[in-house]
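The values are calculated or read from the model by the stated rules, or taken from the named source; none is laboratory data. No experiment lies behind these values; they were computed from the predicted model shown. Neighbour counts run over all protein chains shown; Cβ positions are idealised from the backbone, glycine included. Quick note on the areas: whole protein, heavy atoms, side chains included, nothing else; ligands and nucleic acids left out. Shrake-Rupley method; radii C 1.70, N 1.55, O 1.52, S 1.80 Å.
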Amino acid sequence: MKNSIALITGATSGIGQATARLMAKEGVKLILCGRRSERLQQISQELSEHTSVHPLQFDVRDKSAVNKAIDSLPEAFKNIDILVNNAGNAHGLDLIQEGNSNDWDAMMDINVKGLLYVTQAVLPGMLERGKGHIINIGSTAGKEVYPKGNVYCASKHAVDAINQGMRMDLNGTPIRVGAVNPGLVQTEFSEVRFKGDSERADQVYKGYTPLKPEDVAEAIWFAVTRPPHVNIADLTMMCVDQASSMIVNKQA
Ligand code: NDP
Ligand code: 8X3
């Protein structure tokens with residue numbers, strides 16, 4: 001894997017950042033993406049002690065910005081081997097009848113359309129080179145629906161469908177496509193979902209031991225380090241205290 005090139009969306013935080021750290025230590029060259037430029041610079045600087053890093057700032061919702069960013073890659077970073085479609089978030093946790101349509105737009109635009117835009121910008125090069133691996137970060141929310149999760153769950157069910165569809169359409173090519181679907185992971189996810197309400201966000205991870213972003217990074221690494229004839233199509237993982245979206249063994 002040393003000297004392979006990976007593009008990770010959502011590398012400024014949580015699962016994406018943990019994946020970047022793990023891959024950097026393994027000598028993978030990294031294209032790190034996100035909107036927050038200061039964080040991008042910071043992590044890029046830190047990881048460039050281990051590997052070559054190219055920060056790329058763009059909003060996955062903006063199709064032309066996505067294309068411009070990928071087109072702008074210097075020669076040394078153009079031949080992307082691994083795409084980790086990770087950027088995404090939940091926005092709000094509301095009954096459908098009380099939902100905020102701006103939140104709905106954000107989730108569908110980022111989690112679904114953003115993933116498609118980035119894939120469309122990266123995949124032609126993979127096909128030309130006859131080599132590539134796409135990891136789509138889904139969720140247990142893409143496998144089941146929970147109350148008030150309506151649109152976030154819909155966006156992750158869409159990721160599940162797109163992941164399956166990509167694999168079908170790319171069958172017969174050497175491109176590998178698979179999803180990693182985590183349950184509860186302690187990241188900035190709930191902070192974003194609850195719009196900066198840290199107390200409410202902290203409650204989500206209290207009373208049990210959630211997954212760490214590093215646990216998910218290791219699963220991604222497992223998937224991308226299989227021999228070329230092996231494809232981890234769909235990997236769902238939860239902490240031991242979680243049995244389903246609604247069943248979590250929380251101590252008071
Ligand atoms: P974080 O909030 O910690 O990270 C989200 C990342 O996505 C950030 O780096 C953020 O970067 C990036 N991002 C968000 N919106 C955009 C955008 N419009 N354009 C570009 N980048 C964007 O959350 P997680 O690490 O937990 O989430 C990563 C993925 O994992 C998401 O797809 C999430 O749905 C999924 N997931 C999370 C779980 C959890 O419990 N935490 C469980 C299952 C799946 P920036 O703000 O700098 O743009
Ligand atoms: C994140 C996990 O259960 O908060 O995808 O939806 S959950």
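What lysines sit close enough to Lys250 to cross-link, taking a C-alpha to C-alpha distance under 18 Å and skipping anything fewer than 8 places away on the same chain?
Leaving aside lysines fewer than 8 places away in the same chain, those within reach of Lys250 are Lys206, Lys212.
Need the full-extension length gain, Arg200 to His229, defined as separation in residues times 0.36 nm minus the C-alpha distance. One decimal, nm. Present the calculation step by step, with values, prior to reporting the outcome.
Values: separation 29, 0.36 × 29 = 10.44 nm, distance 4.45 nm.
Separation in residues times 0.36 nm, less the Cα-Cα distance, equals 6.0 nm.
Keeping all protein chains in position, work out how much accessible area Asp202 exposes to a 1.4 Å probe, and write it in Å² to the nearest 10.
Solvent-accessible area, nearest 10 Å²: 80 Å².
Name the long-range amide H neighbours of Gly132: under 5 Å, sequence gap of 5 or more, or other chain; modelled H, no Pro or chain starts.
Answer set, sorted by chain and number: Arg176.
Leaving ligands, DNA and RNA out of it, work out the accessible area of Thr225 with a 1.4 Å probe and give it in Å² to the nearest 10.
50
Compute the distribution of all C-alpha to C-alpha distances in segment 1-123, in bins of 5 Å from 0, and list the percent of pairs in each, rounded to whole numbers.
Going out from 0 Å in 5 Å bins, segment 1-123 shows 2, 12, 22, 22, 18, 11, 6, 4, 2, 1, 0 percent.
How do Leu56, Leu22, Leu116 rank by accessible surface area computed with a 1.4 Å probe, from largest to smallest? It would help to have the intermediate numbers written out before the result.
On the way: Leu56 10, Leu22 40, Leu116 75 Å².
In descending accessible area the options line up as Leu116, Leu22, Leu56.
Per-residue ellipticity at 222 nm for the chain, helices alone: DSSP H runs ≥ 4 residues times -39500 (n - 2.57), over residue total, nearest 500 deg cm²/dmol?
On the way: 10 runs with 102 residues, N = 252.
My calculation for the chain gives -12000 deg cm²/dmol from helical runs alone.
If you wrap the chain's Cα atoms in a convex hull and average its projection over all directions, what's the area in nm²? Numbers along the way, then the final one.
Numbers: hull surface 52.7 nm².
Hull-based average projected area comes out at 13.2 nm².
Quick check: net charge around Arg226, other residues with Cβ under 15 Å of its Cβ, Lys/Arg +1 and Asp/Glu -1? Let's see the in-between values first.
Details: positive: Lys131, Arg167, Arg176; negative: Glu26, Asp81, Glu218, Asp234.
Result for the neighbourhood of Arg226: -1.
Quote the convex hull volume per residue of segment 177-251, based on C-alpha atoms, as a whole number of Å³.
On the way: hull volume 7.1 nm³, N = 75.
Normalising the Cα hull of segment 177-251 by residue number yields 95 Å³.
Find the relative contact order for segment 5-237 and round it to a whole percent, using C-alpha pairs within less than 8 Å whose residues are 6+ positions apart.
Details: 426 pairs, mean separation 48.2, N = 233.
Relative contact order of segment 5-237: 21 percent.
What do you reckon, how do Val28, Val192 stack up by accessible area (1.4 Å probe), largest on top? Before the final figure, lay out the partial values.
Details: Val28 0, Val192 45 Å².
Sorted descending by solvent-accessible area, the residues read Val192, Val28.
Taking the Cα-to-Cβ direction at Glu218 and at Asn67 and moving 7 Å from each Cα, how far apart do the two end points lie in nm?
That separation, rounded to one decimal, is 4.2 nm.
Let me know the charge dipole size of the chain about its Cα centre in debye, to the nearest 20, where only the beta-carbon of Lys, Arg (+1) and Asp, Glu (-1) is charged.
Numbers: 26 positive and 28 negative charges, 96 e Å.
Computed charge dipole of the chain: roughly 460 debye.
Can you tell me the length gained on complete extension of the stretch Glu128 to Met168, counting 0.36 nm per residue apart and subtracting the Cα distance? Can you show the working numbers first?
Values: separation 40, 0.36 × 40 = 14.40 nm, distance 1.82 nm.
Separation in residues times 0.36 nm, less the Cα-Cα distance, equals 12.6 nm.
Rounded to two decimals, what is the ratio between the C-alpha radius of gyration of segment 112-165 and 2.2 N^0.38 Å?
On the way: Rg = 13.2 Å, N = 54, 2.2 N^0.38 = 10.0 Å.
The reported ratio for this selection is 1.32.
Could you give each residue of segment 107-114 its phi-based ³J(HN,Hα) in whole Hz, using Karplus coefficients 6.51, -1.76, 1.60 with θ = phi - 60°, and x for Gly or Pro?
Karplus-based 3J(HN,Hα) across segment 107-114 equals 5, 6, 5, 7, 5, 9, 5, x Hz.
In nm, give the distance between the simple-model label positions of Asn3 and Gln120, each being 7 Å from the Cα along the Cα-to-Cβ direction.
Here the modelled spin labels are 3.5 nm apart.
Rounded to a whole number, what % of the accessible area of segment 5-237 do carbon and sulfur atoms account for, probe 1.4 Å? Provide the component values of the computation, followed by the final result.
On the way: 5140 of 10510 Å².
That share works out to 49 percent.
Considering only C-alpha atoms, what is the centroid distance from segment 5-55 to segment 108-123, in Å?
19
Nearest 5 is fine: what % of DSSP beta bridges in the chain come out antiparallel, could you say? All intermediate terms of the calculation are to be shown ahead of the outcome.
Values: 1 of 28 bridges.
Percent antiparallel among DSSP bridges in the chain is about 5.
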